[in-house]
Protein chains: 4
Amino acid sequence: MDSRTKLNVGLIGLGRLGRVYARTLATRIPCLRLTAVSDVDAAAVDQVGNELDVEHRSTDPEDIFRNPSVDAVVIVTPTSTHRAIVEGAAAAGKAIFCEKPLSISLDEAMALQRAVERSGAFFQMGFQRRFDRGFAAAKQRLDEGTIGDAVVFRSTSRDPYRPSVEYADPRTSGGLIIDMGIHDFDIARWYMGDVAAVQAIGGLLAYPELGSVGDIDNAIISLIFTSGRLGVVDLTRNGIYGYDINAELLGTKGTLKVGYLRETPLMVMTKGQVAHDTVPFFMERFGDAYAAQLENFAENVLNHRDPPITVDDGVQALRVAIAATRAQQTGTRVEISTGTAPV
Amino acid sequence: MDSRTKLNVGLIGLGRLGRVYARTLATRIPCLRLTAVSDVDAAAVDQVGNELDVEHRSTDPEDIFRNPSVDAVVIVTPTSTHRAIVEGAAAAGKAIFCEKPLSISLDEAMALQRAVERSGAFFQMGFQRRFDRGFAAAKQRLDEGTIGDAVVFRSTSRDPYRPSVEYADPRTSGGLIIDMGIHDFDIARWYMGDVAAVQAIGGLLAYPELGSVGDIDNAIISLIFTSGRLGVVDLTRNGIYGYDINAELLGTKGTLKVGYLRETPLMVMTKGQVAHDTVPFFMERFGDAYAAQLENFAENVLNHRDPPITVDDGVQALRVAIAATRAQQTGTRVEISTGTAPV
Amino acid sequence: MDSRTKLNVGLIGLGRLGRVYARTLATRIPCLRLTAVSDVDAAAVDQVGNELDVEHRSTDPEDIFRNPSVDAVVIVTPTSTHRAIVEGAAAAGKAIFCEKPLSISLDEAMALQRAVERSGAFFQMGFQRRFDRGFAAAKQRLDEGTIGDAVVFRSTSRDPYRPSVEYADPRTSGGLIIDMGIHDFDIARWYMGDVAAVQAIGGLLAYPELGSVGDIDNAIISLIFTSGRLGVVDLTRNGIYGYDINAELLGTKGTLKVGYLRETPLMVMTKGQVAHDTVPFFMERFGDAYAAQLENFAENVLNHRDPPITVDDGVQALRVAIAATRAQQTGTRVEISTGTAPV
Amino acid sequence: MDSRTKLNVGLIGLGRLGRVYARTLATRIPCLRLTAVSDVDAAAVDQVGNELDVEHRSTDPEDIFRNPSVDAVVIVTPTSTHRAIVEGAAAAGKAIFCEKPLSISLDEAMALQRAVERSGAFFQMGFQRRFDRGFAAAKQRLDEGTIGDAVVFRSTSRDPYRPSVEYADPRTSGGLIIDMGIHDFDIARWYMGDVAAVQAIGGLLAYPELGSVGDIDNAIISLIFTSGRLGVVDLTRNGIYGYDINAELLGTKGTLKVGYLRETPLMVMTKGQVAHDTVPFFMERFGDAYAAQLENFAENVLNHRDPPITVDDGVQALRVAIAATRAQQTGTRVEISTGTAPV
């Protein structure tokens, strides 16, 4: 592939995940060139720009929108800024990749959705689990009929560390169920279709210090899909043994289970015990999936293909997450409308 | 141990599990002697009596109650007969082992409980999972503090076959949540203490023919323990791949997972695939646990020890199961009182 | 099955394994009755006889041979006594089950074989691994062609404990390769046919105290089957982590792997680690197989079926074991004749 | 790291592995710049040069040796050319990374070694398994004493496909034991030290067509280390189920097992069976290790560190491989001198 057919990308947001994306965009995706970076932190812009020889550098994303040599933007900024940046990029006619979640407010997410739709811009939602080999292989087996009808969906997400109290603050994170569960709800919809109602229970059981911002650290959410099928998602911040992301599809002819527990291919056997390590955290588990989804984005834009994950997927996953949060808080079942009105 | 110190046991009920118990009582428990069998089916009594050389045989359990050479009774009759037989045995002063569930009616179970308590008879509840090596080892590790505080309990029960429509009829089985879930609810209480409230969802998703008796074939039950801790139980009749009973205790310092998937220690590796068999059904998984709980019963009676599983354990597990059934049917959270009143 | 069709068995030898066999014979095999026990240790005879209500008790196996009510004998005495006891039982016309190995001397084993053949007595060799579910399932899959032609056999035997120096003494045990490897060589022959030549290396690497009797504690034996196929057996006395018996058949279309590492169905996951227990020792791994082979013996005698494991199987496995020992000691390849002459 | 401190590398050899190295060198190693490529195939040079924007391109490695802007060379040419190219690079003062094996002739390998030593050039041997997370973690645990003294080493290498008959020809490949086993022998030496003697058996059991060039397809090699410890390596070309590379270190206090069987984190459970995929081939298993060893090479040269794998490591592994080949062919034990004389 010669350089003329490469997609010129501007990256907006150089936080923890943003820097991982920067290196991935700069070195691992043949059909893509990282030509611009932007962040409110000038030092981060300088550092990443120098390390990766990025041509255009700015502390203002508007500079990227105005740059005619930039074909597409990858947005990894804090969630609260997504709407404004997406709207700016859409107005400038850039192809857009936006990291999850769209917003923690359904109203804001739907406003963003309307702006994208009005602009006609290419928009691809970032849910990297769909690009993980295990989740993708399960989807393929499901579609092939290996397990017959999938009747129950189960998903577990466990972080090995408590986030900072500031990060966990529901006013910015949306709270445990939105912050962690949005991935599970997207996968639930990918495999099983729309969700009709949710129930949820939760508690602050391991990290009482999160109580200062009103968050919980464990939750179990039951899902009733519009088809009548069942689902359950459990979330925890105290997966102390390692980063454990797994899922299951129980069907009428079998079951699919996604998720390794271990990372290093070594077993240690000592007196009376067999042991191996666990997956430390998300880059060890999903590093390849993050790269795969960015490569997929570049190929879609270059080849004029529709995005596999749309802005509506982002809105619908958020709708479930918000309903689940409310169900946990009220102890009641919350019905979900998949129409355009908020839940 | 010489023969004078053996416990003389009468077995009441010679159905599928009853016959397994008969052979176990007759051959595998050194401190016990099977001296009487009873069933309404005279042919079954003859067959088992002859095969195992049982001295006293009857179609009427009253004959066992009246027999002074019988020290203890093991009751494996249909659930609907438990109350009358337990009351008869208690009145006769026999030590009693009664298979789960006590009843599918909480009122009836509590009447049985009062009768046992009035009589002062030794009564041990049958929940064989507590004698399974995996479940017992998890309890021990929990008590030792290996995982810190257990904050979330998860339990899965999957039968590999659909029962007959007659068996599944909720008027006799209590319905899926009581019939299968009673074991999970007992283990939940054993590990985590009393349950304060439940939520449940369910559906008839794999075997539409069960609709003729009004049962469901899949359910997910969320548990809130009185301590505020969380639990989730999922039940299915279409565990088509094998008999899968597993559980997990997630704590603040780690996790305990109970349950093998496989039975025969053989892996078969062919082009692109590694495979092994699954556990076929309950005797392969719990055969040793069934024997262990009967041996434990005999030793408790002979040595005047308290039963590890009481009639109250039977009542409380049933209370949760009935509340969960109602939660599934109504879509609402059901609060559970652990007092003497019905839920 | 009524009592008249039961096989009346006399058990000779009440050491560690002999007592396990006594309880198994007395309680777990419906078609068999333990009617006589014998051991040179009168106290052991009394204890076992009382515990299991055995009718005939003696310190002299001749009493069992002379007893017309005994149909069959099970021999679990020290290896050095096998020949004399087998010859006595054969002369008395008893059906014979003899524990491995026949002898540590090939000449003696062949003399025993000739005596059995002259007498026409029913003789079944004890190699319990053939009755293990995993080893048996692998044999079945091999015969079904699942892996095409089996071209390489691998087998590992690891004891978790060092035996006493007295036990390990090669003058009575035959040394590591015979003592432990006889099982592996029998399975090798069962799966792959006769062995044409062996090479072996070994060392005293973990327990220098075994040097006082001239034994080694680790060995690796290469096998060339008469078909030209390959095999390797590795043996160790320092399997400190647990009792590990596993085997593999590599074929042209796949592979079969036999052997669990774990016993209790519990995984313990703590910070950065997933762990489970290991199989403690042989009764946990092969307890059911021991019972199965005794039941098989009883059924064969009662139903006039040929033994699945013959005295010749005992001789041939010993032939390989002795050749392997010599190969280890000399550093040369040792050719094996499967004829009637010693190697 | 700014561009002035990067290592400028010339890659010689653009075959299958060479192209993988080209992409790795061009995109995944921050401290390195791929500035030159060379291959006898001009079309390959053009294709790779264009795809990766390589500045200097040539069909003659001499052009790379003469190019003062090239700091280091990575040699992935056919084994028979290693000596001449290494000598040319060494004479030109380039830092050298050379893929395994050095040669299939011990004389030639030692001549190469002398040339490297005379020139004083930096030389790093390519054995990528040492950079695999599993093999490296086992080495670390071994050094930490987790398993006490390692007394037995086991290693298995299985390719999922037969190579072409031309490739397998022992005149160029060295035959199965050298071609596949060189990795196992290097790891054996890394963990256990020098090898004193070998025994080997082998056969042509799965692919008779390899007989036309005189190769075998299965082999088992026993190793006696100079310490008296034991080892065994088994090699097969018919690992039809997948690419299976595993190893074990049995010690006096435990065991270390290296090697996954599976690649995609998905289990598929259908009636009576649990299955998952296998590792397809070497890039899925060792792709990261290949990149890690090239990055390590670049960092060593830039920072004037000694190579972790020396030319002598290449010579010694070859010495064992050649001795093992001879042991298999002659049926005798072959003693190994680790001095400067050929075996």
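Table for the structure above
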read-out	value
Copies compared at C:E299 - label distances in nm, ascending, label defined 7 Å from Cα in the Cβ direction	3.1, 5.6, 6.2
Degrees between helix B:176-192 axis and first principal axis of chain B (Cα, 0 to 90, nearest 10)	90 degrees
Antiparallel bridges, percent of DSSP beta bridges restricted to the protein assembly as shown (to nearest 5)	60 percent
Cα-projected label distance for A:T330 with D:E117, points at 7 Å along beta-carbon direction, nm	8.2 nm
For C:L32, residues with placed amide H under 5 Å, excluding near neighbours	C:L7
For the protein assembly as shown, size of Cβ-based charge dipole, Lys and Arg +1, Asp and Glu -1, in debye	0 debye
Sites C:T252 and D:K271, calculated FRET efficiency, Cβ-Cβ separation with R0 25 Å, nearest 0.05	0.40
Pair-distance profile P(r), taking every C-alpha pair of the stretch A:8-58, with 5 angstrom steps and integer %	5, 25, 40, 23, 7, 1
Quarter of Cα convex hull surface for the stretch C:1-121, i.e. mean projection, nm²	7.0 nm²
Computed log₁₀ I(q)/I(0) - Debye formula, equal Cα scatterers, no solvent, the stretch A:110-248, q 0.17 Å⁻¹	-1.03
Gaussian network model of chain A, springs between alpha carbon atoms under 10 Å - residue of A:D39, A:D277, A:D107 with greatest fluctuation	A:D277
Approximate spin-label separation D:D63-B:E62, in nm, with each point projected 7 Å along Cα-to-Cβ	10.8 nm
Whole-Å semi-axes of the ellipsoid equivalent to the protein assembly as shown (Cα gyration tensor, √5λ, descending)	57, 50, 22
Chain B: equivalent-ellipsoid semi-axes (sqrt of 5 x gyration tensor eigenvalues, Cα, Å)	32, 24, 22
Nearest-10 value in Å² for the accessible area of C:K139, using the 1.4 Å probe	40 Å²
Carbon + sulfur, % of accessible area of the stretch B:101-167 - ligands and nucleic acids excluded, 1.4 Å	44 percent
Charge tally in the Cβ shell below 14 Å around D:G287, where Lys, Arg are +1 and Asp, Glu are -1, D:G287 excluded	+3
Magnitude of the charge dipole, chain C, Cβ model with Lys/Arg +1 and Asp/Glu -1, debye to 20	760 debye
Computed label-point distance, nm, for sites C:V40 and C:D149 using a 7 Å Cα→Cβ extension	5.1 nm
Interface residues, the stretch C:227-257 - accessible area loss of 40 Å² or more versus chain alone, probe 1.4 Å	C:L230, C:N238, C:I240, C:Y241, C:L250, C:T252, C:T255, C:K257
Debye log10 I(q)/I(0) for the stretch B:68-110, one point scatterer per Cα, at q = 0.27 Å⁻¹	-0.95
Cα centroid of the stretch D:210-234 to Cα centroid of the stretch A:1-40, whole Å	49 Å
All Cα pairs of the stretch B:210-251, percent lying beyond 15 Å	58 percent
Gain in span if fully extended, D:Y161 to D:S337, counting 0.36 nm per residue against the direct Cα distance	59.9 nm
³J(HN,Hα), Karplus 6.51/-1.76/1.60, whole Hz, each residue of the stretch C:69-81, x for Gly, Pro	7, 8, 8, 8, 10, 10, 10, 10, 7, x, 3, 5, 9
The stretch D:175-302: Cα Rg divided by the 2.2 N^0.38 Å rule of thumb	1.28
Filter on C:K139/D:K100; C:K271/D:K139; A:K6/B:K271 - keep pairs with C-alpha separation over 31 Å	C:K139/D:K100; A:K6/B:K271
Accessible area per residue in Å² at 1.4 Å probe, computed on the protein assembly as shown	35 Å²
Helix-only mean residue ellipticity at 222 nm for the protein assembly as shown, each DSSP H run of n ≥ 4 adding -39500 (n - 2.57), per residue, nearest 500	-11500 deg cm²/dmol
D:H82 accessible area, assembled protein chains, probe 1.4 Å, Å²	0 Å²
Portion, in percent, of the accessible area of the stretch D:202-311 that falls on carbon or sulfur, probe 1.4 Å	51 percent
HN-Hα J in Hz across the stretch C:17-30 - Karplus 6.51, -1.76, 1.60, θ = phi - 60°, x for Gly and Pro	5, x, 5, 4, 4, 4, 5, 5, 4, 7, 10, 10, 10, x
Amide hydrogen neighbours beyond the local backbone of C:V151, cut-off 5 Å, H modeled	C:L250, C:G251, C:T252
Residue-by-residue Karplus 3J(HN,Hα) for the stretch C:54-62, coefficients 6.51, -1.76, 1.60, Hz, glycine and proline x	7, 5, 9, 9, 7, 9, 10, x, 4
Crossing angle, helix C:82-91 versus chain C [Cα axis fit, 0-90 degrees, rounded to tens]	40 degrees
Enclosed volume per residue, in Å³, of the convex hull spanned by Cα atoms of the stretch C:265-328	137 Å³
GNM top mover of A:G203, A:G18, A:G174 - chain A, alpha-carbon springs below 10 Å	A:G203
Buried on assembly, the stretch B:135-167 (at least 10 Å² less accessible surface than by itself, 1.4 Å probe)	B:A137, B:R141, B:T146, B:V151, B:V152, B:R154, B:T156, B:R158, B:Y161
Summed side-chain charge close to C:R162 - residues other than C:R162 whose Cβ falls under 9 Å, Lys, Arg +1, Asp, Glu -1	-2
Protein heavy-atom accessible area occluded, B/C pair - total, 1.4 Å probe, Å²	2800 Å²
Solvent-accessible ranking of C:I309, A:I224, largest area first, probe 1.4 Å	A:I224, C:I309
Residue closest to axis [chain C; rotation mapping onto A; Cβ; Å]	C:A275, 2
Relative contact order, percent, chain C [alpha-carbon distance under 8 Å, six or more residues apart]	19 percent
Span per principal axis, largest first, for the Cα atoms of the stretch D:79-167 (Å)	45, 38, 23
Using alpha-carbon coordinates, inclination of helix C:42-52 to the longest axis of chain C, degrees	80 degrees
Of B:L176, B:L204, B:L34, the one that fluctuates the most in a GNM where chain B has Cα springs shorter than 10 Å	B:L204
Counting all C-alpha pairs of the stretch A:225-300, share separated by more than 22 Å (%)	50 percent
Long-range amide H partners of D:V73 with built H, under 5 Å	D:G10, D:A95, D:I96, D:F97
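The values are calculated or read from the model by the stated rules, or taken from the named source; none is laboratory data. From a predicted model like this one, the values you see are computed outputs, not experimental measurements. Cβ atoms come from the backbone with ideal geometry, glycine included; neighbour counts cover every protein chain shown. Keep in mind that these areas ignore ligands, DNA and RNA; they rest on the heavy atoms of the full protein, side chains included. Shrake-Rupley method; radii C 1.70, N 1.55, O 1.52, S 1.80 Å.
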